[in-house]
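Let me begin by presenting the structure, written as structure tokens, before commenting on it.
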């Protein structure tokens with residue numbers, strides 16, 4: 001029998017080899033633990049950054065299932081619509097939509113369900129907790145196919161003030177167009193009056209030149225002339241008002257008193 005197979009030195013070598021393997025395994029485990037700790041630390045830091053961004057973002061985030069039921073709402077919901085997230089989770093998102101915008105909202109949602117990964121942007125009115133209606137701009141994406149999300153994701157913000165400014169601008173344009181229309185109509189009327197009054201003035205002058213008028217008839221003719229001038233001035237007044245309102249420097253006066261007097 002080979003005596004070296006059971007020698008003390010052989011046993012010691014095996015023990016040392018086993019010890020080295022154990023140390024290597026321990027070192028590998030320690031590296032693995034350190035890497036896992038780093039990953040967990042990074043994940044916690046990332047989650048904290050995400051939470052901070054979500055909580056302080058001016059936009060709110062909502063997750064919906066295929067029926068439009070709210071699965072999650074970010075804390076910004078309180079700033080946008082006045083509700084705490086837990087007040088709306090489990091309810092249909094369409095409960096808050098204005099009746100006039102309901103069809104638009106449901107149609108956009110149906111479109112989302114048919115277009116995975118696509119972004120759909122819509123403007124709708126939603127009821128604030130205080131009972132008022134707020135205009136919201138939403139950018140929604142179908143991420144139902146994403147295992148990590150599995151929902152319709154929508155970012156939305158309050159654009160009520162923006163809508164008000166836009167409507168004020170449109171109203172100002174409509175009012176400007178209305179006043180410009182009045183000014184143009186007044187100019188047309190004035191032009192016709194100028195022509196007719198000029199003819200009337202000319203006729204009176206011809207009568208005075210061709211007929212020997214009695215003193216009373218001459219005085220009556222002068223009175224009629226004065227009445228015509230007063231009428232001209234009265235008609236000219238609205239145009240001056242319109243010009244002030246429209247700040248119009250192109251359209252001239254309605255009536256040309258000098259032309260009418262010639």
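Nothing in this text is a laboratory measurement; each read-out follows from the coordinates by a stated rule. These numbers come from a predicted model, not from an experiment.
Annotations for the structure displayed:
- If the chain linking residue 67 and residue 25 were pulled fully straight, counting 0.36 nm for each residue of separation and taking away their Cα-Cα distance, it would gain 9.9 nm.
- Net lengthening on full extension, residue 162/residue 16 (0.36 nm per residue, minus Cα-Cα): 44.8 nm
- Ratio of the Cα radius of gyration of the stretch 58-158 to 2.2 N^0.38 Å, where N counts its residues: 0.98
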